[in-house]
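The values are calculated or read from the model by the stated rules, or taken from the named source; none is laboratory data. Fair warning: this is a prediction, and the values are worked out from it, not measured in the lab. Reconstructed Cβ throughout: ideal geometry from the backbone, glycine too, with neighbour counts over all protein chains shown.
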Ligand SMILES: *Cc1c(COP(=O)(O)O)cnc(C)c1O
């Protein structure tokens, strides 16, 4: 399998180059040359596999054996998911008849980003070790990962990269503006290769500094910067696994024989709390590979650029209150634009090249028409240029109609988020479940779509909803406590807080203060810390 850029100027990248490069040189994102075909009888073959075994089957469709022998992939996958607390890795929990949550928060930092980042850390280490083994020049291949965080990505990246050979990680967070739990999760990791930079400034300042460093060719050449945000293809790829895993869990739950036609016809939807569109994009790949999901529901909070796109065919940065991101109770979804949406746009553009977007181009097609792919790349590049210059672009209505065959969308307010958390905690006649605010957005969106489109909810009708639970509620204590403070019998310590969090706030920390949001100062700090690790450059 080779990879190409969404903007058409780069192709034939190996998986290794794709993962180690992150962003394509033309500014686009990497996508596979074609979407692979599932093996015949995949349902029967895969239905009884463990999460890890299933991961190897799916990942090997995207990673050639010549790039990574199967036994190495197996080892990598085993190590990546050994850090999870649940033996099924991403179990499916029923919260009401026909309504399930896919719990993605059993990794080390209690959020779904662990599923991808535990794997990505091992991939980086694997490729660097091999380069160093094969390169006889005596030079050491290293990666310096630099990222900005408002909370979630930072801790998952740190836990994915801690203690990895030839990798140093620098995570910038805005001083005093990260939730106490998240700050403690990041800064109590004391491994030598982990550096938390606490910057006087806002999250946007941190992000601007990181962009500046990536654009600084000399600095980049000297330190080989690596990215761990969800533009990295490996993150998307790792996430496709749990969509398949959820499907098999559902068949088991409903006692459906995977070999039967019923398995093909079971009517299920995924609702995905969405920010940068990475998580739901993985679902789209699973769907294009042949997973028989009905709809993928893009659940947004009030930062709703994606919801508005599906309503209006226009992708438009919000303009209210001087165009700033709105702070909501689901902060990991507070975005102005969604970086991974560009990948979906490429597929929509290519389908439109064929017949104006009336049908999807045969999904699992390895003999893709290169001319159509090049044209799609040009279309995406034009759209992205417009977005940069005027803050918006519009696609043909036919393109959105085509997308809506797979996608549906709903926007959820903070008030609705809180109401839903309450509803599932103490609804009479149903087991109590504590949703985190992000998951609550997904559950609320699923309910709104069911009502709006007059779907027949399970068990009377056939619509089953699987909502992706992207974080453990203990990580977002403020929203959960606000929702449940007056619920009879609610006790945060007892009902929500996992034992791993006990005493976390009092543990030893290591943080490097950065007094000004200034790229030059950050470069000084990074180089000082690298020397401290004993690295020469
Ligand atoms: C990152 C994150 C999201 C959004 O995921 P995307 O892949 O950016 O769409 C949702 N919920 C939580 C808890 C997250 O950490």
Looking at residue 158, is it in contact with a strand residue (DSSP E or B) (Cβ under 7 Å, 6 or more places away or on another chain) and crowded, with 24+ Cβ neighbours inside 10 Å? yes
When you go through (1) in contact with a helix residue (DSSP H, G or I) (Cβ under 7 Å, 6 or more places away or on another chain); (2) over 25 Å from residue 292 (Cβ atoms); (3) touching a residue at least 24 places away in the same chain (Cβ under 8 Å); (4) more than 16 Å from the ligand (Cβ to nearest atom) one by one for residue 495, which number turns out not to apply? (1)
Looking at region 456-465, can you tell me whether even one residue there is farther than 25 Å from residue 117 by Cβ and within 16 Å of the ligand (Cβ to nearest atom)? no
Counting only residues that are within 14 Å of the ligand (Cβ to nearest atom) and surrounded by 22 or more Cβ atoms within 10 Å (Cβ to Cβ), how many does region 161-180 have? 1
Working only within region 395-413, note down all residues that are in contact with a helix residue (DSSP H, G or I) (Cβ under 8 Å, 6 or more places away or on another chain) and either farther than 23 Å from residue 442 by Cα or assigned to a helix (DSSP H, G or I) (or both). 395, 396, 398, 399, 400, 402, 403
Filtering helices (runs of 4 or more DSSP H) wholly in region 213-323 for at least 1 residues that are more than 16 Å from the ligand (Cβ to nearest atom), free of Cβ contacts under 8 Å to residues at least 60 places away in the same chain and in contact with a helix residue (DSSP H, G or I) (Cβ under 7 Å, 6 or more places away or on another chain) gives 217-223
With a cut-off of at least 3 residues that are surrounded by 20 or more Cβ atoms within 10 Å (Cβ to Cβ) and more than 16 Å from the ligand (Cβ to nearest atom), name the helices (runs of 4 or more DSSP H) lying wholly within region 20-114. 51-59, 70-81
Count of region 20-37 residues which are without any contact (Cβ under 8 Å) to a residue 12 or more places away in the chain and under 17 Å from residue 283 (Cα atoms): 0
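Condition check ((1) within 16 Å of the ligand (Cβ to nearest atom); (2) part of a loop (DSSP other than H, G, I, E, B)) across all residues:
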position	(1), (2)
422	no, no
429	no, yes
435	yes, yes
440	yes, no
447	no, no
454	no, yes
490	no, yes
513	no, no
Looking at residue 381, is it modelled with pLDDT of 95 or more and under 24 Å from the mean Cα position of the chain (by Cα)? yes
Please go through (1) within 25 Å of residue 337 (Cα to Cα); (2) surrounded by 16 or more Cβ atoms within 10 Å (Cβ to Cβ); (3) out of contact with any strand residue (DSSP E or B) (no Cβ under 8 Å at 6 or more places or on another chain) for residue 188 and return the number of the only condition it doesn't satisfy. (1)
Of the residues 93, 82, which is over 16 Å from the mean Cα position of the chain (by Cα) and over 29 Å from residue 425 (Cβ atoms)? 82
Quick one: how many residues across region 434-480 are under 16 Å from residue 102 (Cβ atoms) and either surrounded by fewer than 19 Cβ atoms within 10 Å (Cβ to Cβ) or free of Cβ contacts under 8 Å to residues at least 12 places away in the same chain (or both)? 0
